[in-house]
Amino acid sequence: MSASIGSSGPGMKLHTKILLGLALGAAAGITTNLTIGPTHPAVTVVNDYLAYPVGQIFLRMLFMVVMPLVFASISLGVAGLGDIRKVGRVGGKAVGYFMATTVLAATLGLIVVNTLRPWERISPETREELMTRFAGDASGRVEAAATSEFGVQTLVNIVPRNPVQAAANTDLLGIIFFGLAFGAALTLLPAERARPMIDVLEALNDVVIQIIHFAMILAPFGVAALIFGVASRFGFDLLVAIAAYVVTVLLALVLHVGLTLSTVIRFFIGMSPVRFISRVKAALITAFSTSSSSATLPTALDVAETQLGVPRRIAGFVLPIGSTMCMNGTAIFEGITVIFVAKIFNVDLTVPQMAIVMVMSVITAIGAAGVPGGSIPLLVGIMTMFGVPGEGIAIVLGVDRILDMSRTTVNVCSDLTAATWVAKSEGAWSPAQVPAQAD
Ligand code: ASP
């Protein structure tokens, strides 16, 4: 029903414009950083009065609709599935996929970091400089981490006391739980009693998608502004200083897509991975530029339906849960970062401790919010578990934006793989249903 978010009528495709915004913003930012420098008053003015507001307004337009969207699509997803036992099976498959791929991702990250050993390439002076540069920022994050607990309470917290408060606090898992309960209850009502509520939810969903179309008009400018802000402040020096660590994370992310996800796409979904990725590229570019699985959810839902032909009732159920639970890229990033920072602080981890890092990376990747930097407070939590000073996070903060952009892209790619695989295994989709178009 809804027009494709990835296209904008005649002329240049929207995702081409977004990519252009990304390239122009990055080029302008790096040039500024290298020529007049990040602290020049003109750069500060451009950042504070142009790049910051434009970037933030774009992000906020997307965030504004995430809560109603998640609630409406989860309840409709469950209600649409009709039979409560079927919900259990589809949900079970989705959660099984999330767990299995996240465990594989975290394990791969640990193998890659222990093979490349990036800590051996970092000079003590560089460590010192980064620590000084980000000390203030790091302590803020450390405090945030102190309030996040693991264990039984994490499970209890999934059930919100008050769904309105959960929405106000952007507690996505709480809203998902409420949406699941709401949808499940709808399936148990007689059809004529459930119908008015389903109509309201469908209308809510359509309105929200329309608001996203408004936001997407801003996307090329928002993306350019966000990138300019990062590139002009940090330039290349920071990336170069800890290039070994960055390369390790990026390589592991690429390997995960090239090995694990491609295997699922080719053998379990039955599509060529290149074709699959080319079909979902609008969602991947949105993930890369927003660093947020949640902000990408609307685009992901749109491409699943219009570019892959996955039925809405499956995509509308799997993708919202996936956007907060399925974070393959985040698990890779967390495992590598904990080991890397531990080594920088001379904390030697034994093999069983590495296994615990793996398990914690999986749990925190599931628990992290799909927002920019959502996993950082949880990451500091794991570091302190192993006696690594929480301030060690200062080392990674400088490059977190680029890593966040990259891991979020992998997170979203895995969400879309999950939705397509679940639809296929339910007999609700086959590769023949991919809408025809020039790839
Ligand atoms: N930004 C990530 C996402 O939204 C979460 C994280 O790893 O910080 O998927």
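Approximating the spin labels as points 7 Å out from Cα along Cα→Cβ, the Arg121-to-Val351 distance works out to 2.7 nm.
Residues Met64, Met383, Met358 in ascending order of nearby Cβ atoms (within 10 Å, fewest first): Met64, Met358, Met383. Taking other Cβ atoms within 10 Å as a rough exposure proxy, Met12, Met216, Met67 sort from fewest to most as Met12, Met67, Met216. Ordering 217-224, 288-295 by mean Cβ neighbour count within 10 Å, with the highest value first, yields 288-295, 217-224.
Here the simple spin-label model places points 7 Å from the Cα toward Cβ, and for Ile36 and Asp48 these points are separated by 1.5 nm. Net length available on complete extension from Ala100 to Asn114 is 2.9 nm, with 0.36 nm assigned per residue and the Cα-Cα distance removed. A simple spin-label model places the labels of Thr263 and Ile211 4.2 nm from each other, with each point 7 Å out along Cα-to-Cβ. Relative protection proxy for 176-186, 266-276, from highest mean packing down: 176-186, 266-276 (other beta-carbon atoms within 10 angstrom). Per-residue Cβ neighbour counts within 10 Å put Glu202, Glu305, Glu334 in the sequence Glu202, Glu305, Glu334, beginning with the fewest.
None of the figures in this text is laboratory data; all of them are computed from the coordinates on show. Predicted model, so just to flag it, every value in this text is computed and none were measured. Positions of Cβ are generated from backbone atoms using ideal geometry, with glycine treated the same way; all protein chains shown enter the neighbour counts.
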